[in-house]
Structures are given as C-alpha cells and as structure tokens.
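First up is the structure itself, then whatever we jot down about it.
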Amino acid sequence: MAERLSKSVADDLLARIARAEYVAGDTLPSEQQLGAMYGVGRNTVREAMQTLRVLGIVEVRPRLGARVIDSAAPNALATAAISHLLRGETVDQLYDVRLILEPAAAAKAAKHRTDDDLLAIRRALGHFRVAFELGENIWEQDIAFHDAVAQASGNPVLARLLAPMSDLLGHARKATGTLREAAERALHEHEQIAVAIEERSARRARSAMEQHIRSAIWALETARKRGQSAPDEQEIP
C-alpha cells in the first residue's frame, strides 16, 4: 500500500513537471506541504522524492528541499519508462551489473584519480569505519564510498550509471548492512581498494573491487538465509 501511495505521488509530480507547472530551478513544496496536498505521511513523500531523484528529475538538498533539475517532458517520459523497466529486474541481475562495471570503475580511478578524489574516498572510508565501530548499519556509508570511487574514475557517464543503481539496491543494502561479519569484511575490502587507488595500481584496484562485489553477493545470500532481506527485494521499489 505504501509503495503504491509513493508511486502515485511521484507520478503526479512527474506529470506536473512535464506540464511545466514546475520548471528547472523551481523548488518543490516542502515535505509537510506535499503531505497535506496528497494526504500522505512524510515517509511516503520522501519515497516519492527518492524516485524523482533516481530519475534525474530533482535534486534533494539538506534543509533546502527538492529542486527541479530537468523539466523537459520528453525526458521525463523516457526516464519514467526506464524506471518501469528496472522494476522488473531482479536484485541478482543488478548485482551482476555491479560486478561488470565497478571493478572497471576502480581500475579507472587508480589511473585517473586526483588528490581531491582520493580525499573523498578516504573521507567516505573514514565515515564507514566510524559507523562500523559504533555498531550502526553501514549501508549509507557503503554507498558513499562506491560513489566516491565512481567519481574518481574520471568518466562521468560511468558514475551516472552507477549512482541510480545504488538507489535501486537500497533495500538489499540495508539488509546486508545489518550483518556484522559482512560489514567487517566490507571495511577491510574498502581499505584495500582505497590503497590500490592511492598507489595507482589499476590491476589491484580492479581485483579488490571484484572481490568486494562478490562478498556483497555473499552477504545478500546470507541475509536471505537469515530472513533479513526486505520482503519486496526482488521487486525494485
């Protein structure tokens, strides 16, 4: 029910943007205002905003709200169609895509990273380590680390392909992020990836990232066996 409500809100906002009721640069109503407009709770509004963000229609800025970044109707319709197709893909298939793309991204990062890129990777790694030591779910820090590596690849298209995949796999990564042994393994593997990128070893970066994604697949299977996976994980939200 909640998923249907958030989709309904996202679809209506997408239609409004397509009709130019909201154009590029406009800030959408606040979560509270949208909740009142559609008669839904804040979590439903947030899920709808997440959908629009994945589609590349809005950017969500802390304390500033959601701003429209693409109001072109043809593009909105095209991205909505892509989103619909992705809903039919399984989590397993998306992890297969990660296994193809992310080792390549790490190898490219080792070759092309700048000092600023390395700083971003190290910062994300530090946040991951703190979350792990505090016993928190590390899924958000995990995504931030992978985003930093993708950005360091020097290929903006590759980074743009990987970013929405992180959002689509949110349910699965939340589930695996609760596994202490998986989080500990991921921390060690992140450290290996970061060192390889810092030392500009494309071969080791690729190998470390490949091993890491295989560990993520293992973590997903472990979460499933323990019944920790989200019940709708095979249906991408």
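Within region 102-117, can you find the residues that are in a helix (DSSP H, G or I) and surrounded by fewer than 17 Cβ atoms within 10 Å (Cβ to Cβ)? Passing the criteria: Lys111, His112, Asp115, Asp116. Counting only helices (runs of 4 or more DSSP H) that sit wholly inside region 1-56, those with at least 2 residues that are within 25 Å of Leu162 (Cα to Cα) and in contact with a Phe, Trp or Tyr (Cβ under 9 Å, 6 or more places away or on another chain) are 42-54.
For Val54, the conditions (1) modelled with pLDDT under 80; (2) among the aliphatic types (A, V, I, L, M); (3) exposed (fewer than 15 other Cβ atoms within 10 Å of the Cβ) all hold with the exception of (3). Taking the conditions exactly as written (of a type in the set (Lys, Arg) and outside any helix (DSSP H, G or I)), does Arg63 satisfy them or not? Judged against the criteria, Arg63 is a match.
Among the residues of region 213-233, which ones are more than 14 Å from Thr178 (Cα to Cα), in contact with a Pro (Cβ under 9 Å, 6 or more places away or on another chain) and either modelled with pLDDT under 95 or not aliphatic (A, V, I, L, M) (or both)? Residues satisfying the conditions do not exist here.
Could you look through region 181-212, keep only residues that are among the hydrophobic types (A, V, I, L, M, F, W, C) and modelled with pLDDT under 95, and pick out the one that is nearest to Ala144 (Cα to Cα)? Among residues in region 181-212 that are among the hydrophobic types (A, V, I, L, M, F, W, C) and modelled with pLDDT under 95, the one nearest to Ala144 (Cα to Cα) is Ala183.
For (1) under 20 Å from the mean Cα position of the chain (by Cα); (2) β-branched (Val, Ile, Thr), each residue gets a yes or a no:
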| residue | (1), (2) |
| --- | --- |
| Leu158 | yes, no |
| Thr176 | yes, yes |
| Leu179 | yes, no |
| Ala182 | yes, no |
| Gln192 | no, no |
| Ile197 | no, yes |
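Among the residues of region 144-160, is there at least one that is out of contact with any strand residue (DSSP E or B) (no Cβ under 7 Å at 6 or more places or on another chain) and closer than 13 Å to Leu220 by Cα? Checking region 144-160: not a single residue is out of contact with any strand residue (DSSP E or B) (no Cβ under 7 Å at 6 or more places or on another chain) and closer than 13 Å to Leu220 by Cα.
Selection of region 181-220 for residues being under 21 Å from Ile100 (Cβ atoms) and not in a helix (DSSP H, G or I) yields only Ser201.
For every residue, the table says whether it meets (1) farther than 19 Å from Glu199 by Cβ; (2) surrounded by fewer than 16 Cβ atoms within 10 Å (Cβ to Cβ); (3) modelled with pLDDT of 95 or more; (4) touching a Lys or Arg at 6+ places or on another chain (Cβ under 7 Å).
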residue: His84; (1), (2), (3), (4): yes, yes, no, no
residue: Tyr95; (1), (2), (3), (4): yes, no, no, no
residue: Ala120; (1), (2), (3), (4): no, no, yes, no
residue: Gln141; (1), (2), (3), (4): yes, no, no, no
residue: Ser153; (1), (2), (3), (4): no, no, yes, yes
residue: Val157; (1), (2), (3), (4): yes, yes, no, no
residue: Ala163; (1), (2), (3), (4): yes, no, no, no
residue: Leu168; (1), (2), (3), (4): yes, no, no, no
residue: Thr178; (1), (2), (3), (4): yes, no, no, no
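The values are calculated or read from the model by the stated rules, or taken from the named source; none is laboratory data. For clarity, every value in this text was computed on a predicted model and none was experimentally measured. FYI the Cβ positions are ideal-geometry reconstructions off the backbone, even for glycines, and counts take in every protein chain you see.
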